[in-house]
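Below: one structure, written as structure tokens.
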Amino acid sequence: MRMFVAAIVLSALSVAAPAHAQTQAPAEPTTAAAPECGIDFEIWRKDVADEARAAGVGETGLAALASADIDTRVLARDRAQGVFNQTFIEFSSRMISDYRLKQGAANLKKYADVFARAEQNYGVPGPVIAAFWALETDFGAVQGDFDTLNALVTLAHDCRRPVLFRPQLVPLLTLIDRGIVPADVKGAWAGEIGQTQILPTDYLLRGIDGDGDGKVDLRGSAPDVIMTTANKIQHRGWKAGQPWLVEIRVPDEMPWDQTGRTNKLPVAKWTEWGVTNRDGSPLLDHGLNAGVVLPMGRKGPAFLSYDNYDIYLQWNQSATYTLTAAVLATRLAGAPPYDKRNPEPGLVGDAMRQLQQKLADKGYDVGGVDGILGVNTREAVRQEQMKLGIPVDGWPTPALLGMM
């Protein structure tokens, strides 16, 4: 095994590699001045070609760019993303399937030596890697049928979120130019490649030759996929030997305003307030701080999240997706199905948009009136709950809407 090194000009990768998103955009994008979005496509493409040439991309990569085109299917997919209208229970119940649990267990056994190397080298447990492998492509079975270069060209040229996708173009052209992936490589609509849907920057910077054949094949080699995924997760800040998520039981009354993923407190404090493991036993105190995550309010599922859980949000910005991935990892590590409990009905569709508009009118940044319960909307709900003197759990209900 050895690190895959691509000889590219530093300017091509002077940006921190953006994190992956299954159907949302990468989480860490930034780049130098990019060609203006939305301008005449041929002028825009020439600007990209000039930058790629300056970064060392040769004729093979430039020829691929010259043949690339806008894919309207990608734009339609980017604007849809209806999956994020689902609640955590709805989404996770569909995604944590018997098939994925059985295949995950089988793959953990089949590639036990590779997973062991991955944890030894990068500190990332096998179930964490296997959960992403399952959710992204069903262990390589469904890797996407979008032309990756066309997808990235489309999203980089489009004015909705070019800053998120533009940094991936030159790295992809570098991969093509060096014969690492073919010019017509297929993948997800947002430009990810391979069995855990790796973006081009990560392919170049984090790719690992896990099977020792002298190349990194993230589409066909399970060892390469496992080792590269572990390297990517470790690079995001994963802390070896520490937990990521534990299901808990919360009491009927506690300081709800202290809950939330980002409000990490000593485990002893949560114990003091009556929080226990799901079975009622005392929480294991690792000497770490943790936050209480209530994806559907204080009456729904409840979890204790540690620093390692924050790494999931660098993989995908959707709280629903990331919590599902973290829970699936606990299942593959031996945990039972989580307790759905009895959450209050939440707001969806027009009702959610109505709430968001009311919050926006009050000066809150809800991240857009789109009917999706994102991080900004949830935080605005918490702030409004605090002002109204009701339990602060970030869960938007009809009762809350009626009080505004």
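The values are calculated or read from the model by the stated rules, or taken from the named source; none is laboratory data. Fair warning: this is a prediction, and the values are worked out from it, not measured in the lab. Note that each Cβ is placed from the backbone with ideal geometry, even for glycine, and that neighbours are counted across all protein chains shown. We work out accessible area using only protein heavy atoms, side chains counted, and drop any ligands, DNA or RNA first. Shrake-Rupley method; radii C 1.70, N 1.55, O 1.52, S 1.80 Å.
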Here are Thr154, Thr148: which of them is crowded, with 22+ Cβ neighbours inside 10 Å and in contact with a strand residue (DSSP E or B) (Cβ under 6 Å, 6 or more places away or on another chain)? Thr148
Evaluate the following for Lys186: is it closer than 29 Å to Leu294 by Cβ, at pLDDT 95 or above, open to solvent by 30 Å² or more (accessible area, probe 1.4 Å) and not small (Gly, Ala, Ser)? no
Filter segment 109-124 down to the residues that are surrounded by 13 or more Cβ atoms within 10 Å (Cβ to Cβ) and either among the aliphatic types (A, V, I, L, M) or assigned to a helix (DSSP H, G or I) (or both) and list them by number. Val114, Phe115, Arg117, Ala118, Glu119, Asn121, Tyr122, Val124
Out of the residues in segment 54-108 meeting the condition of being of a type in the set (Val, Ile, Thr) and assigned to a helix (DSSP H, G or I), tell me which one is surrounded by the most Cβ atoms within 10 Å (Cβ to Cβ). Val74
